[in-house]
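**Student:** Take this structure, written in structure tokens, and hold onto it; I'll ask about it next.
The values are calculated or read from the model by the stated rules, or taken from the named source; none is laboratory data. Please read these numbers as outputs of a predicted model, since none were measured by experiment. Positions of Cβ are backbone-derived with ideal geometry, glycine not excepted, and every protein chain shown enters the neighbour counts. Note: areas computed on protein heavy atoms with side chains; ligands, DNA, RNA excluded. Shrake-Rupley method; radii C 1.70, N 1.55, O 1.52, S 1.80 Å.
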Amino acid sequence: TVNAWVEQTVTSDLWIRPAHGLSNAPAAAFPPSISAEVAKIPFVEAFDRFRGRDVIFRDSIIMVGSGDFDVASRYGTMPMVHPRSEKAAIARALKTNGVMISESLASRFDLETGSSITLPTANGGRTFPIAGVYRDYSNDRGEVVMHRALYIDAYRDEAINTIAIYLKKGSDPQAARAEIERLLGAKYRVFAFTNATIRTEVMRIFDQTFVITYALLAVSLIVAVLGIVN
């Protein structure tokens, strides 16, 4: 299931992050000016800009993130739980200034498509209609995702944590990665990853989380064998 989730969500050819810390900390963010420069690169077909922050929701810390829903609709990057159609959910979100929420958030707080969620914003509490619920294994606290324009309006925050880049047909990912780092590296301290690198790293992290499970399994087998021997 995790592998299927990775294949559906990690669809871009390249990902670029600020080299500083490679984290989601405020210091590790691109300024909005990088968007115009990425758009000028001839082998870039499309790109999606991501930004996120922690907020308090019902005495819990959750993640509020943003992306370009138009790009997500074209490239299909959100595995939906309800409704099944990502395009329908995105169209509804754009029409109603709505948001998508992760399955974990929906389960924790008994939320569903068609209901609403009130979040703290730069101008105080604001209620957003829920346009869809999507499957996500990257954050068990829960996530809310909204269109980038809506996020900027709500939080007055135009910075960018990550940019997903879709290359034009026939482009070589490794060559494109090197060229992007050459073009943008000095000014924005860009660090680029290929799709294969991201997928391998995500699966490696998930494998590490199951190490304790394998250890517990080994202990249980040893106890069972000793019980039979006795």
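**Student:** Which ones in segment 35-69 are under 29 Å from Ala106 (Cβ atoms) and without any contact (Cβ under 8 Å) to a residue 40 or more places away in the chain?
**Tutor:** Asp54, Asp59, listed by residue number.
**Student:** For a quick check of your reading: which strands (runs of 3 or more DSSP E) sit entirely within segment 28-90 and have at least 2 residues that are open to solvent by less than 30 Å² (accessible area, probe 1.4 Å)?
**Tutor:** 44-57, 60-67
**Student:** Can I ask one more? Which residues, counting only those in segment 95-105, are open to solvent by 30 Å² or more (accessible area, probe 1.4 Å) and touching a Leu at 6+ places or on another chain (Cβ under 9 Å)?
**Tutor:** The one that is open to solvent by 30 Å² or more (accessible area, probe 1.4 Å) and touching a Leu at 6+ places or on another chain (Cβ under 9 Å): Asn97.
**Student:** Next question. Say we look at segment 163-196 and pick out the residues that are part of a helix (DSSP H, G or I) and exposed (fewer than 15 other Cβ atoms within 10 Å of the Cβ); which of these is nearest to the chain's Cα centre (by Cα)? Talk me through it step by step, then tell me what you get.
**Tutor:** From segment 163-196, those part of a helix (DSSP H, G or I) are 173-188, 195-196; that's our starting set.
Still in the running and exposed (fewer than 15 other Cβ atoms within 10 Å of the Cβ): 174-175, 178, 182, 186-187, 196.
Numbers: Gln174: 23, Ala175: 25, Ala178: 24, Arg182: 26, Ala186: 26, Lys187: 25, Ala196: 17 Å.
Applying the filter and picking the extreme gives Ala196.
**Student:** Please identify the pairs in which a residue from segment 164-192 that is touching a residue at least 60 places away in the same chain (Cβ under 8 Å) has its Cβ atom under 6 Å from the Cβ atom of a residue that is open to solvent by less than 20 Å² (accessible area, probe 1.4 Å) and charged (D, E, K, R), counting only partners at least 6 apart or on another chain.
**Tutor:** Ala164/Asp48
**Student:** Can you name the residue in segment 139-162 that is of a type in the set (Asp, Glu) and either open to solvent by 20 Å² or more (accessible area, probe 1.4 Å) or in a helix (DSSP H, G or I) (or both) and, of all such residues, is nearest to Met78 (Cα to Cα)?
**Tutor:** First, pick out the residues of segment 139-162 that are of a type in the set (Asp, Glu): 140, 143, 153, 157-158.
Now drop any that are not either open to solvent by 20 Å² or more (accessible area, probe 1.4 Å) or in a helix (DSSP H, G or I) (or both), which leaves 140, 143, 153, 158.
Numbers: Asp140: 16, Glu143: 13, Asp153: 23, Glu158: 22 Å.
Result: Glu143.
**Student:** Just the residues that are within 30 Å of Glu37 (Cβ to Cβ) and open to solvent by 60 Å² or more (accessible area, probe 1.4 Å), please, taken from segment 197-225.
**Tutor:** Residues of segment 197-225 within 30 Å of Glu37 (Cβ to Cβ): 197-202.
Within segment 197-225, Thr197, Arg199, Thr200, Glu201 qualify.
**Student:** With respect to Arg108, determine if the residue is surrounded by fewer than 18 Cβ atoms within 10 Å (Cβ to Cβ), in contact (Cβ under 8 Å) with a residue 40 or more places away in the chain and either more than 17 Å from the chain's Cα centre (by Cα) or over 16 Å from Gly142 (Cβ atoms) (or both).
**Tutor:** Details: surrounded by fewer than 18 Cβ atoms within 10 Å (Cβ to Cβ): yes; in contact (Cβ under 8 Å) with a residue 40 or more places away in the chain: yes; either more than 17 Å from the chain's Cα centre (by Cα) or over 16 Å from Gly142 (Cβ atoms) (or both): yes.
In short, yes.
**Student:** Separate question: If a residue has to be outside any strand (DSSP E or B) and touching a residue at least 12 places away in the same chain (Cβ under 8 Å) to count, how many in segment 91-102 make the cut? Before you say what the answer is, go through the steps one by one.
**Tutor:** From segment 91-102, those outside any strand (DSSP E or B) are 91-98; that's our starting set.
Filter again for touching a residue at least 12 places away in the same chain (Cβ under 8 Å), leaving 91-94, 96-98.
Qualifying residue count for the region: 7.
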